[in-house]
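Heads up, the thing below is written out as structure tokens.
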Amino acid sequence: MTETTLLLLKPDCLAARHVGDVIRRFEQAGFEIVGCKMISLSEEVLAEHYAHVADRPFYPELRSFMQSKPVIALAVQGEDAVAKGRDLIGPTDSRKASKGTIRGDFGKDAMENIVHGSDSVENAAAELKRFFAPHELFTAEVRG
Ligand code: UDP
Ligand code: MG
């Protein structure tokens, strides 16, 4: 199935200048960029995006990390983009991620892990809506 997933290139990705590396991996895997923007994350958007971890002890630190620099939001489209995107990214904790995955190669730990990727088709749809207006997505499929 052709899907579109939402990536956020996190502040550590920009700080270490791995933006090109991350995009290259998705492009080389056959995916296409159908939306792209640089944004500062507001408290509100962050609370919504990370609602599932808002009560975890690390949340205040995660919030300040995610607001330490702007992020780059990408909408990436292709065959099984959600699951394949997660495979390219690797598991949450960069220290446990295999070499060859984005987090395994460029991430530092469980927080500074370079990139967010949607974890289900349903969440991808909600996250694309959160970060992109319909006219900012250059694909018929996700305009709805
Ligand atoms: N996170 C963290 N410490 C943890 C687990 C998660 O700082 O022990 C951060 C990390 O940046 C992660 C984000 O919270 O990417 C969202 O967590 P989730 O479980 O959704 O991980 P992901 O889907 O990004 O792998
Ligand atoms: Mg997640």
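The values are calculated or read from the model by the stated rules, or taken from the named source; none is laboratory data. Since we're looking at a predicted model, the values are computed, not measured. Neighbour counts are summed over all protein chains in view; Cβ atoms, including those assigned to glycine, are modelled from backbone coordinates with ideal geometry. Areas reflect the complete protein model, heavy atoms only, side chains present, ligands, DNA and RNA absent. Shrake-Rupley method; radii C 1.70, N 1.55, O 1.52, S 1.80 Å.
For this structure, a couple of remarks:
- Charge-dipole axis of the chain as Lys and Arg at +1 and Asp and Glu at -1 on Cβ define it, positive-most pick from P11, F131, Y50: P11
- The modelled label-to-label distance for the pair I39/A110, using points 7 Å beyond Cα in the direction of Cβ, is 2.7 nm.
- Calculated [θ] (222 nm, deg cm²/dmol) that DSSP helices of n ≥ 4 give over the chain, each run adding -39,500 (n - 2.57): -10000 deg cm²/dmol
- Here the contact order of the chain, divided by its residue count and restricted to Cα pairs under 8 Å and six or more residues apart, works out to 36 percent.
- Per-residue Karplus couplings for the stretch 56-61, computed as 6.51 cos²θ - 1.76 cosθ + 1.60 with θ equal to phi - 60°, are listed in order as 7, x, 7, 4, x, 5 Hz, Gly and Pro entered as x.
- Chymotrypsin sites (Phe, Trp or Tyr not before Pro) within the stretch 29-71: DSSP coil, no more than 16 neighbouring Cβ in 10 Å: Y50, F58
- Ligands, DNA and RNA left out, the 1.4 Å accessible surface of the stretch 1-109 is 51% carbon and sulfur atoms.
- Å² per residue, accessible surface of the chain at 1.4 Å: 52
- In order through the stretch 68-83: 3J(HN,Hα) via Karplus (6.51 cos²θ - 1.76 cosθ + 1.60), integer Hz, x for Gly, Pro: 6, 8, x, 10, 10, 8, 10, 9, 10, 10, x, 5, 6, 4, 5, 5
- Of the trypsin sites (Lys or Arg not before Pro) in the stretch 30-122, the ones in a loop by DSSP (not H, G, I, E or B) with at most 15 other beta carbons within 10 Å are K108.
- Gap separating the Cα centres of the stretch 65-122 and the stretch 24-56, nearest whole Å: 9
- Taking amide hydrogens as placed 1.01 Å from N in the peptide plane, the amide H of C36 sits under 5 Å from those of A75, each at least 5 positions away in sequence or on another chain.
- Dipole magnitude for the chain: computed about the Cα centre from +1 point charges on Lys and Arg Cβ and -1 point charges on Asp and Glu Cβ, it is near 420 debye.
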